[in-house]
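Undergrad: Please read through the structure below; I'll follow up with questions.
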Amino acid sequence: MQTLTTNYRQYVNDQKIQILFMFQAGTVWSSLDSVYRCCLKDQRFEVRLALIEETTVETSHMKGAREFLEKNHFNYCEYESLDFKTYCPHVVFIQFPYDAATHTPDTLSIQFRYRGTRVVYVPYGIEISDTELSKKDHFNSFVVENAWRIYTSCDGIKKEYDKYCRNREAVRVCGSPKFDAICNKDKMPVKGEITERIKNRKLVVWKIHFPKKVRENEKLYQITPYVREYIDFALKIDKYQNLFFVVLAHPKMLKGVVTSDVQGDDTLMQQIEKLLAVLSEKENVYIDTDDDYRPSLYHADAIVIDRSAVMIEAAMLSVPVLLMKNSDYSEPMVAAVENVVRNFYQGSYCKDIEDFLDAFVQGENMQIHELEAAVKENFPLCDGACGQRIVDDIANGLCEAGHDIKVILYGTGTICSYYMEKQRWGTDARFTVVSVVDSDSKKWGSDYYGIQVEAPNQIINLEFDAIVIMTEPYYFEIKKKLVYEYYLDERKIWRLDDFVVELQNLK
């Protein structure tokens, strides 16, 4: 449905801001935890937490959601108990960006948007990868495109949204709420069962992503380390009796990898089972199956990790980190992330893990200062206030006066001149022409009814509600360019005739 404005529920000054948190998984709650707690303490807000247990395809993260809420004493309701004919919160937080895979028809983000609720998304990880597939996952999912606000962790990653996200105008940099707990890690102690088994040993956290294969340029690559190297090390882990290992396995390793993750390679499933079986028999190993990884990770003395959004949190802990990669594939990462992780130790084989741990045990210089400097430069918002910044931005955004409809006109031919002169679009009270663009480079920089003509590639730097294509024969060619080259939201791209009719609905 194409409209010039989204009819969000109007906020009246001094009323409570109603916020709904849709809860599906404890495994990714860390991305919302501090935001939720700030909302609860803030007198401006009225907060509800609703448990959703039904999903479509993706289930590995969702298992144990109810148990997580009850174990941590959350006050929650069943999603089915909410009557959205009478209950229209100002804001809804959605945990997962993939509508089709994780949301049933009545919980789709677009349903909230059309009911008048503002969708807010905080990435449950960090947008680390720079592959074509990851760009789609990070920047062009349905939830991201329907969001009123998207909160990202740093300016470097916002630049990626500016390039590839069709809803780039919704993005704000507040830091990731995941970072807040690092500043208060003493409030998240290692659980007693681990403490009893550690005794006087150093704690090494081993964070393992599920084996993942991707197809690029018609070729199949495994982007995570070969599991056989992990199995080899697991068989040797007994020799490190002066260390205690807490294994943080990706939820999919514990609760089910789907076929698309491994591209149908059943041998990877078998290797996962073998790795976990070997580790479960070791005295100096504890497989942490809790949905909340933070108590273990944040108290590590050293970390072995492979590609994961948790890499940045690991970098913030000022401990030695070994990043394990696939020996046959180098995954491109966004600049802000690469600037940090290049300061990790790097490895691909069992021997690399051994060398790293030997150096750690011997107390060698482990590059901590370089890592701390890289984190400070690229992810500076690690001050414990990320959640509060998000809460304040939401409140301020709701309190802003309603904005005028901002329109960009594409094409400066005789048709556009007619509408500017005869229909007086330049002074129309229903909307404001904020820019005029044209494909003809000879017109760039010239004056057009008091507005400077811009190049089409400048559109991504502008704030607008609609682009009206002021030509009939070239409409589809122009729209294709705007959608697939400049990553613009096609719902904001209007045919001239549709726009004229829509104007009749505006006061």
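Undergrad: Would you say R172 is in contact (Cβ under 8 Å) with a residue 60 or more places away in the chain, out of contact with any Leu (no Cβ under 8 Å at 6 or more places or on another chain), assigned to a strand (DSSP E or B) and on the phi < 0 side of the Ramachandran plot?
TA: yes
Undergrad: Still on this model: Kindly provide the set of residues from the stretch 205-255 that are in contact with a Lys or Arg (Cβ under 7 Å, 6 or more places away or on another chain) and part of a loop (DSSP other than H, G, I, E, B), ordered by number.
TA: Within the stretch 205-255, H209, F210, I223, T224, P225, N242 meet the criteria.
Undergrad: Separate question: Out of (1) out of contact with any Ser or Thr (no Cβ under 7 Å at 6 or more places or on another chain); (2) among the small types (G, A, S); (3) in the same structural domain as R37 (by TED's automatic domain parsing), the odd one out for G192 is which?
TA: That leaves (3) as the condition not met.
Undergrad: Can you run down the residue pairs with Cβ atoms below 9 Å, 6 or more apart or on separate chains, where the first is in the stretch 334-363 and not assigned by TED's automatic domain parsing to the domain that holds Y230 and the partner is of a type outside the set (A, V, I, L, M, F, W, C)?
TA: none
Undergrad: Given F379, F344, F356, which one is in contact with a Cys (Cβ under 7 Å, 6 or more places away or on another chain) and among the aromatic types (F, W, Y)?
TA: That would be F379, the only listed residue that is in contact with a Cys (Cβ under 7 Å, 6 or more places away or on another chain) and among the aromatic types (F, W, Y).
Undergrad: Sticking with this structure for a sec: Suppose we keep only residues that are crowded, with 18+ Cβ neighbours inside 10 Å and either β-branched (V, I, T) or free of Cβ contacts under 8 Å to residues at least 12 places away in the same chain (or both) within the stretch 199-224. Which one would you say is farthest from D355 (Cα to Cα)?
TA: This residue is V214.
Undergrad: Sort through V12, V47 and tell me the only one that's outside the structural domain of L69 (by TED's automatic domain parsing), under 22 Å from R115 (Cα atoms) and among the hydrophobic types (A, V, I, L, M, F, W, C).
TA: V12
Undergrad: Does the stretch 347-399 hold any residues that are among the aliphatic types (A, V, I, L, M) and under 27 Å from V122 (Cβ atoms), and which are they?
TA: Across the stretch 347-399, the qualifying residues are L371, A373, A374, V375, L381, A385, I390, V391, I394, A395, L398.
Undergrad: For V143, are the conditions met, namely being outside any strand (DSSP E or B), of a type in the set (A, V, I, L, M, F, W, C) and buried (at least 18 other Cβ atoms within 10 Å of the Cβ)?
TA: It is true that V143 is outside any strand (DSSP E or B), of a type in the set (A, V, I, L, M, F, W, C) and buried (at least 18 other Cβ atoms within 10 Å of the Cβ).
Undergrad: Counting just the residues of the stretch 406-417 that are surrounded by 19 or more Cβ atoms within 10 Å (Cβ to Cβ) and in contact (Cβ under 8 Å) with a residue 60 or more places away in the chain, which one comes out farthest from F179 (Cα to Cα)?
TA: Here is the first cut: in the stretch 406-417, the residues surrounded by 19 or more Cβ atoms within 10 Å (Cβ to Cβ) are 407-412, 416.
Next cut, in contact (Cβ under 8 Å) with a residue 60 or more places away in the chain only: 407-411.
Details: V407: 38, I408: 39, L409: 42, Y410: 42, G411: 46 Å.
If we take residues in the stretch 406-417 being surrounded by 19 or more Cβ atoms within 10 Å (Cβ to Cβ) and in contact (Cβ under 8 Å) with a residue 60 or more places away in the chain, then G411 is farthest from F179 (Cα to Cα).
Undergrad: Same structure, new question: Would it be correct to say that K202 is out of contact with any helix residue (DSSP H, G or I) (no Cβ under 7 Å at 6 or more places or on another chain), in the same structural domain as K135 (by TED's automatic domain parsing) and of a type outside the set (A, V, I, L, M)?
TA: no
Undergrad: Search the stretch 225-237 for residues that are under 12 Å from D306 (Cβ atoms) and pair each with any residue that is polar (S, T, N, Q) and outside any helix (DSSP H, G or I) when their beta-carbon atoms are under 9 Å apart and the residues are at least 6 apart or on different chains.
TA: P225/N326; P225/S327; P225/S348; Y226/N326; Y226/S327; Y226/S348; E229/S327; E229/S348
Undergrad: Look through the stretch 418-443, keep the residues that are under 22 Å from F476 (Cα atoms) and out of contact with any helix residue (DSSP H, G or I) (no Cβ under 9 Å at 6 or more places or on another chain), and return whichever of them is surrounded by the fewest Cβ atoms within 10 Å (Cβ to Cβ).
TA: Per the stated criteria, the residue is S441.
Undergrad: Same structure again: Of (1) within 27 Å of the chain's Cα centre (by Cα); (2) exposed (fewer than 15 other Cβ atoms within 10 Å of the Cβ); (3) at pLDDT 95 or above, C386 satisfies all except one. Which?
TA: Unmet condition: (2).
Undergrad: Next question, about the same structure. What's the number of the only condition in (1) under 12 Å from the mean Cα position of the chain (by Cα); (2) farther than 26 Å from Y484 by Cα that R115 fails to meet?
TA: (1)
The values are calculated or read from the model by the stated rules, or taken from the named source; none is laboratory data. Please read these numbers as outputs of a predicted model, since none were measured by experiment. In this analysis, Cβ positions are derived from the backbone assuming ideal geometry, glycine residues included, and neighbour counts consider all displayed protein chains.
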